[in-house]
Amino acid sequence: MSHKIVLVIIFFLVVISSSIFAADKHGLWVVRYALKNNNVKEIISKSRSLGITDLYVQVWALSKSFHKDKEYFKTLINEAHNNNIKVHAWINVLYVWSGNDKLKIEEKSLKSVLRKHNTIPKYKELKSKGIEGHYIHPFDQSNLDNMAMMIDELITEYHVDGIHLDYFRYPDFQYSISPTGRTRFMLKNYYDPYKILFQNHNKLSNTNNFVYNEYKAFLKDELTLALQLFKSYIEKSDKKIELSVAVKPDPKIADTYYFQNWHKWIDENICDYVILMNYNADNIVFRNNLYKSKELNNDKKIVIGIATYNQKWTSFIEKYKIVLKSNFAGTSIFSYNYLSENKNFYNNIKINIGLSE
């Protein structure tokens, strides 16, 4: 075999290899429980060994802050930056409470708690419907004010590289009513949506059917408008901060049942990219979600989230490589916590995804 042919083959193999790992982002979610004073080195070490470029660190969940240990959080960010890793502040926006204890949110936000009827539902009722806990309407002013102040603090004091919004959705159509939302809808449409929400859709009058569809459009618009507000909070800093949103992986289901019109969000640059929570362990479902997302023709604004906790490491690797061979913006692993607690899983993916040190 001639020297020239060998060089051509080597070049071809390099091109193939580089294309497999051509994705821009290799993310890792760090759930709040992992934030301990003595584990910064471990987080960074594991991230480096997996070729992680972006950490999504949970700083706000269930109406509580997890970044107030300034020395720890600044150390984590500095160490990440020293290793060319970006840090995104991960915020649970609308999911505000969980558990059987009394709902603990600001008194003025109670009118924004989403419900099915006029009263705030019990936690047991929500769980029986497959809902995690209590959500609030996107335009609860108290929550928005808190978010604005926190984002300013995260950008100016901690120098995060991005803001990552999670639970930025409705829990369910039937649990979408609140005094706040009803008022906003009535001011725009002069009709109370509560009157038609629980009627049989197929038996609605023409007028009520119109209101029914307008209310669904309203729910999507409220999320989109709220996202535009978050973007404006970031733009006030005049710094290059990425805005990302965790979304349901099937675009149609996200739009129809959770009112995340995320294909519009990325098309209109309301956020920089979305991360699909493509956590299903079934390879067929996983691939189908990828196909549906590809039809939107905006691959470079879509990062694919892959779970660790519900499948074997071999299945995880298969999904990971499927994404890396595609044209999507990258991957994000859920989660650091699981990898930290499951050494065998971590060691095997470190060896097999081809990004180890």
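Let's see how each residue does on (1) of a type outside the set (A, V, I, L, M, F, W, C); (2) modelled with pLDDT under 95:
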site: 190; (1), (2): yes, yes
site: 193; (1), (2): yes, yes
site: 198; (1), (2): no, yes
site: 204; (1), (2): no, yes
site: 218; (1), (2): no, no
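Pairing residues of region 317-335 that are within 14 Å of residue 280 (Cβ to Cβ) with residues that are among the charged types (D, E, K, R), at Cβ distances under 9 Å and at least 6 apart in sequence or on separate chains, gives 319/287; 322/287. The residues of region 119-141 that are within 20 Å of the chain's Cα centre (by Cα) and outside any loop (DSSP other than H, G, I, E, B), listed by number, are 134, 135, 136. Can you find a residue that is surrounded by fewer than 20 Cβ atoms within 10 Å (Cβ to Cβ) and without any contact (Cβ under 8 Å) to a residue 12 or more places away in the chain anywhere in region 242-249? There is no residue in region 242-249 that is surrounded by fewer than 20 Cβ atoms within 10 Å (Cβ to Cβ) and without any contact (Cβ under 8 Å) to a residue 12 or more places away in the chain.
A quick yes/no check of all residues on (1) touching a Pro at 6+ places or on another chain (Cβ under 6 Å); (2) assigned to a helix (DSSP H, G or I); (3) buried (at least 21 other Cβ atoms within 10 Å of the Cβ); (4) in contact (Cβ under 8 Å) with a residue 60 or more places away in the chain:
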{"site": "150", "(1), (2), (3), (4)": "no, yes, no, yes"}
{"site": "153", "(1), (2), (3), (4)": "no, yes, no, no"}
{"site": "159", "(1), (2), (3), (4)": "no, no, no, yes"}
{"site": "165", "(1), (2), (3), (4)": "no, no, yes, yes"}
{"site": "174", "(1), (2), (3), (4)": "no, no, no, no"}
{"site": "181", "(1), (2), (3), (4)": "no, yes, yes, yes"}
{"site": "196", "(1), (2), (3), (4)": "no, yes, no, no"}
{"site": "213", "(1), (2), (3), (4)": "no, yes, no, no"}
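Each row is one residue, and each column tells you yes or no for (1) in a loop (DSSP other than H, G, I, E, B); (2) closer than 17 Å to residue 331 by Cβ; (3) among the β-branched types (Val, Ile, Thr); (4) touching a helix residue (DSSP H, G or I) at 6+ places or on another chain (Cβ under 8 Å).
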{"residue": "28", "(1), (2), (3), (4)": "no, yes, no, yes"}
{"residue": "37", "(1), (2), (3), (4)": "yes, no, no, yes"}
{"residue": "47", "(1), (2), (3), (4)": "no, yes, no, yes"}
{"residue": "60", "(1), (2), (3), (4)": "no, no, no, yes"}
{"residue": "67", "(1), (2), (3), (4)": "yes, no, no, yes"}
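Residues of region 299-321 that are of a type outside the set (A, V, I, L, M), crowded, with 18+ Cβ neighbours inside 10 Å and outside any helix (DSSP H, G or I): 305, 308, 311.
Would you mind finding the one in 110, 144 that is over 23 Å from the mean Cα position of the chain (by Cα), surrounded by 15 or more Cβ atoms within 10 Å (Cβ to Cβ) and not in a loop (DSSP other than H, G, I, E, B)?
Details: 144 fails: over 23 Å from the mean Cα position of the chain (by Cα).
When all the criteria are applied, what remains is 110.
Could you grab me the full set of residues in region 334-352 that are aliphatic (A, V, I, L, M) and either surrounded by fewer than 16 Cβ atoms within 10 Å (Cβ to Cβ) or in contact with a Gly (Cβ under 7 Å, 6 or more places away or on another chain) (or both)? It would help to see each step written out before you state the result.
Of region 334-352, the ones aliphatic (A, V, I, L, M) are 339, 349, 351.
The one that is aliphatic (A, V, I, L, M) and either surrounded by fewer than 16 Cβ atoms within 10 Å (Cβ to Cβ) or in contact with a Gly (Cβ under 7 Å, 6 or more places away or on another chain) (or both): 351.
Of 254, 226, 217, which residue is under 14 Å from the mean Cα position of the chain (by Cα), in a helix (DSSP H, G or I) and of a type in the set (Gly, Ala, Ser)? Can you show your working first?
Values: 226 fails: under 14 Å from the mean Cα position of the chain (by Cα); 217 fails: under 14 Å from the mean Cα position of the chain (by Cα).
None of the others qualify; the one that does is 254.
When region 40-61 is filtered for residues that are surrounded by fewer than 18 Cβ atoms within 10 Å (Cβ to Cβ) and either farther than 19 Å from residue 82 by Cβ or without any contact (Cβ under 8 Å) to a residue 60 or more places away in the chain (or both), the ones remaining, listed by number, are 41, 45.
The values are calculated or read from the model by the stated rules, or taken from the named source; none is laboratory data. Not measured: the values here are computed from a predicted model. All Cβ positions, even for glycine, are placed from backbone atoms using ideal geometry, and neighbour counts span all protein chains on display.
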